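Colleague: Dropping the structure in here first, questions after.
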Amino acid sequence: MGDFVSQPEFFEVELGESLISRTETLASFRELGPPDLCHVIKSGRAASAKDIGSYHYVSGVDASSSAALAAYINSLTYELEQSQAWFSTGKSAYKLKSGAYCCFNAFSRVDVRVEVRIPGSVDAYVVDLRGERHEPTPEIWQEVYLSALLRAILYADDANYRLAGYRKLDPISSPDAEHRFLQAAENLFFKGWQLGSDPEIQVATVVSNHLTAGILKYFGDAHRYEQAVNLFEKLYARAPEVAALVAQAYIGMNEEVKAVQIMHRAIQETPQSYALLHIQADFLRTKGKTEWALKLAKQAVNCAPSEFVTWAKLTECYIELGEWESALFTLNSCPMFTYNERDLHRMPTPARSHLPVKAFIAESGLLDEESARDNEADVALLRLPAPALRGTFARAYALLARLTSQIGWDELLKCRSSVFVMEEEYRAQKATQDTPAATPTTEQVPEQHADADTTVAESETSDSVDHGGETDMPPLPVSDDTADEEEEASRLDRKLSHLNISSHANASSQSIPTIKISTESDHEREQQAIESYLKEQEERNAVPDSGATNGHADSEEDIKSDVPVPIVQVEAPPLEKPAQAQASAAHARTESQALAAAATDPGAAGNAQAAADATTAEQANDGAAASNSFSFTNKRLCERWLDNLFMVLYEDLRVYTIWRAEVAHYRAQSLPYRKTGTEWEILGELALRLHHKEEGKDAFQRCVDSKFSAKALLRLLEIYAEQKDVERTLWTSLRLTAYHHRWYMEGSFPGAVAKNLFKLIKEVGLSKVSYTLVSMSPPPAILRLMQNYLAYGQTFQLPGSTW
């Protein structure tokens with residue numbers, strides 16, 4: 001049928017539709033771009049056979065020249081299925097007619113394509129975002145070569161970058177290839193910010209981008225920082241901000257003295273580099289100097305207040321110091337960014353898919369067939385929201401879970417209530433502000449306060465803009481009696497006129513506030529006018545004079561009438577300077593203002609003294625309430641995303657608590673506790689999220705006993721490598737290697753298996769790992785695959801490879 005023997009492929013409905021789809025989606029690629037696309041056309045040897053188009057994804061191919069990409073396409077001719085019929089010549093019924101290799105250049109945002117005709121010519125061209133063709137230049141080839149390497153390195157084991165039919169090869173297989181990689185990285189280093197950065201970083205810089213992340217991952221996972229130091233030292237001579245990378249590489253080499261010298265010299269040259277401050281803070285934390293690290297983390301926040309990573313680092317320092325409330329304050333201040341998905345293809349539905357299994361993988365018996373029973377799980381476990389978190393939200397949740405693991409859920413709720421404004425407190429504060437004492441009637445508003453009323457209205461409008469543009473004006477009442485509507489409207493006009501609000505304006509003009517731009521002194525003057533106005537109205541209500549009596553009588557008449565009285569409320573700015581929190585100070589200012597007025601106007605001395613006495617009595621009556629009242633001065637509003645994370649954490653803790661209670665109950669009754677493989681996998685992830693490693697390890701082991709789970713095996717591999725359990729680490733690596741080759745991940749490094757094996761080799765030595773592997777007697781084909789990791793360690797002289 002013309003299928004590849006061991007390589008994946010998707011067959012097209014129409015020839016070339018995959019290339020057309022890739023061209024149409026070029027403009028949507030934002031960062032490193034999608035995997036490379038290899039498209040081939042097969043023609044039948046019979047005259048009546050039609051051409052067939054198929055494609056697959058690939059990474060790790062040398063993209064430094066058109067000849068290297070053409071060589072990959074030519075190698076696919078050996079993958080065609082041979083005819084098995086009797087009396088046949090052994091040739092395939094189809095032959096490879098032509099092929100096209102597409103590789104995205106993340107620097108220039110263009111697609112480099114190589115078309116090969118077999119036999120025939122090789123044609124290379126560049127397709128821009130508009131679909132136009134251009135000639136490739138040497139600079140374009142260098143950029144596309146480095147872009148392909150970074151995709152292969154950074155997305156080697158990224159769960160968000162997994163595709164069916166995605167073939168992964170070794171991006172760097174020899175020291176010469178590594179030297180070319182370093183040379184290209186040096187030439188394009190100062191263009192690295194064009195590639196973008198991790199989701200936690202808002203603005204990519206020279207030292208925080210995908211290029212530096214790829215370099216540090218490649219050399220860091222293999223514990224070979226010497227080459228990275230050599231590269232960064234050259235670049236440090238040209239740009240002082242690269243000192244952060246130099247210091248980080250020296251710390252990775254365990255050359256702490258050199259790292260401290262670099263940091264000391266660099267902080268004088270670039271004191272505003274938050275990356276350098278973070279390296280210093282992390283170094284101090286490893287030495288137990290968290291108080292010093294805290295000062296550096298604060299300085300980093302001042303240098304880059306719009307970056308999530310600076311606030312997250314400060315939160316980590318507060319957690320380590322045990323300052324829980326400060327940690328919550330800081331976490332609430334983190335700027336959150338929308339997570340952008342990885343750049344992937346949007347391909348049309350293929351006619352059919354071909355995903356063959358290699359014979360030695362099927363014969364190894366390491367990949368168990370998954371049954372439908374093992375994939376079932378409780379709905380409550382499947383609907384846990386935490387696994388869906390990405391980017392900054394996942395990082396913030398990890399910080400919140402770490403805080404909870406140290407202080408417990410009950411203590412976290414206490415800290416939350418002491419740090420943030422609770423809903424009950426806000427409603428109580430709102431109810432206090434909406435009391436009728438702050439709703440003056442028309443007769444109670446004197447003429448000499450017209451200017452103050454204008455200021456009050458303007459200040460209320462300005463504050464409503466600052467707090468989301470919401471106004472607290474109640475809706476106007478609707479009366480059924482048309483005869484009373486005119487009287488009510490005239491009364492309302494008199495009341496609104498003192499607030500400088502036109503009753504003839506339409507509803508939209510009343511609900512949409514006018515933005516008033518003022519200075520800080522104007523704002524303070526307006527606040528004082530608001531407080532003075534409100535308290536003078538309280539004094540007039542407290543002092544029994546003639547005007548107050550008449551006003552009281554009018555109020556009683558309004559209450560007895562059937563027509564509801566529209567109430568116009570004038571409120572102080574909400575939450576930032578709450579009226580209840582500043583009540584005592586406002587009363588003190590009102591008393592002093594009244595006494596000052598008595599001194600200037602002897603005729604008003606009696607009223608002033610009465611007002612002072614009334615104020616003192618009111619303070620005495622409110623004494624008990626003030627002792628139990630709360631203050632918003634030191635509280636903040638909890639961000640909506642953080643409030644949602646509290647609910648996500650609550651769901652995790654609820655499910656975890658039920659799980660552990662069930663385990664304890666079954667254990668006490670000496671009964672077996674059974675779950676499906678998928679349920680054990682979810683519970684293991686849940687335990688790790690909540691920092692319960694032993695419970696997570698036990699759940700993953702039970703999951704692996706029930707079914708084959710690559711996710712559970714990866715978690716166990718990390719745990720076993722950290723515990724230096726050589727035999728279990730190798731056994732887990734064997735099963736994962738077979739799984740990876742089943743899904744065409746043929747590269748040795750970088751990857752999760754290689755990273756943990758190299759970590760184990762560094763601790764116990766290559767010889768012990770090699771002898772233990774042979775003694776386990778794995779299938780010969782799988783043993784050869786495992787020995788590729790050891791051969792890589794010897795070729796590149798990893799730490800521990802000589803003993």
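The values are calculated or read from the model by the stated rules, or taken from the named source; none is laboratory data. From a predicted model like this one, the values you see are computed outputs, not experimental measurements. Every residue, glycine among them, receives a Cβ derived from its backbone with ideal geometry; neighbour counts consider all protein chains shown.
Colleague: Among the residues that make up region 142-149, is at least one of them in contact (Cβ under 8 Å) with a residue 40 or more places away in the chain, surrounded by fewer than 22 Cβ atoms within 10 Å (Cβ to Cβ) and either under 17 Å from Gln227 (Cβ atoms) or touching a strand residue (DSSP E or B) at 6+ places or on another chain (Cβ under 7 Å) (or both)?
Modeller: No, because not a single residue in region 142-149 is in contact (Cβ under 8 Å) with a residue 40 or more places away in the chain, surrounded by fewer than 22 Cβ atoms within 10 Å (Cβ to Cβ) and either under 17 Å from Gln227 (Cβ atoms) or touching a strand residue (DSSP E or B) at 6+ places or on another chain (Cβ under 7 Å) (or both).
Colleague: In addition: Quick check on my filter: what residues within region 243-290 are in contact with a helix residue (DSSP H, G or I) (Cβ under 7 Å, 6 or more places away or on another chain) and surrounded by fewer than 15 Cβ atoms within 10 Å (Cβ to Cβ)?
Modeller: Hits for region 243-290 are Glu269, Gln272.
Condition check ((1) on the phi < 0 side of the Ramachandran plot; (2) exposed (fewer than 14 other Cβ atoms within 10 Å of the Cβ); (3) at pLDDT 95 or above) across all residues:
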residue	(1), (2), (3)
Glu376	yes, yes, no
Arg395	yes, no, yes
Leu403	yes, no, yes
Tyr426	yes, no, no
Val445	yes, no, no
Gln448	yes, yes, no
Asp451	yes, yes, no
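Colleague: In addition: Scan region 749-773 residue by residue and report those that are among the aromatic types (Phe, Trp, Tyr), surrounded by 16 or more Cβ atoms within 10 Å (Cβ to Cβ) and part of a helix (DSSP H, G or I).
Modeller: Passing the criteria: only Phe758.
Colleague: If we keep just the residues of region 640-691 that are free of Cβ contacts under 8 Å to residues at least 24 places away in the same chain and not in a helix (DSSP H, G or I), which is surrounded by the most Cβ atoms within 10 Å (Cβ to Cβ)?
Modeller: Tyr673
Colleague: Please specify each residue of region 153-176 satisfying the condition of being part of a helix (DSSP H, G or I) and either of a type in the set (Gly, Ala, Ser) or surrounded by fewer than 19 Cβ atoms within 10 Å (Cβ to Cβ) (or both).
Modeller: The answer is Ala159, Asn160, Pro175, Asp176.
Colleague: Given (1) aliphatic (A, V, I, L, M); (2) over 27 Å from Asn375 (Cβ atoms); (3) buried (at least 18 other Cβ atoms within 10 Å of the Cβ), identify the lone condition not met by Met776.
Modeller: (3)
Colleague: Considering each residue of region 99-152, count those that are basic (Lys, Arg) and part of a strand (DSSP E or B), and give that number.
Modeller: The total comes to 3.
Colleague: Scan region 14-30 residue by residue and report those that are within 10 Å of Met347 (Cβ to Cβ), touching a Gly at 6+ places or on another chain (Cβ under 9 Å) and among the polar types (S, T, N, Q).
Modeller: Ser18
Colleague: Can you tell me how many residues within region 114-173 are of a type in the set (Phe, Trp, Tyr) and closer than 24 Å to Ala184 by Cα?
Modeller: Residues flagged as of a type in the set (Phe, Trp, Tyr) and closer than 24 Å to Ala184 by Cα within region 114-173 amount to 4.
Colleague: With (1) touching a strand residue (DSSP E or B) at 6+ places or on another chain (Cβ under 8 Å); (2) crowded, with 20+ Cβ neighbours inside 10 Å; (3) of a type in the set (Gly, Ala, Ser) as the list, and Ser353 as the residue in question, which single condition is left unmet?
Modeller: Answer for Ser353: the failing condition is (2).
Colleague: A further question follows. Which residue, of Cys415, Cys317, is touching an Asp or Glu at 6+ places or on another chain (Cβ under 7 Å), in a helix (DSSP H, G or I), surrounded by 14 or more Cβ atoms within 10 Å (Cβ to Cβ) and not hydroxyl-bearing (Ser, Thr, Tyr)?
Modeller: None of the other options fit; the residue is Cys415.
Colleague: In region 93-121, how many residues are farther than 25 Å from Gly192 by Cβ and surrounded by fewer than 23 Cβ atoms within 10 Å (Cβ to Cβ)?
Modeller: 13
Colleague: While we're looking at this one, here's another question. Would a scan of region 346-362 turn up a residue that is modelled with pLDDT under 95 and within 25 Å of the chain's Cα centre (by Cα)?
Modeller: yes
Colleague: Now a separate question. Which one is modelled with the lowest pLDDT among residues in region 715-748 that are of a type in the set (Ser, Thr, Tyr) and outside any helix (DSSP H, G or I)?
Modeller: In this case the residue turns out to be Ser748.
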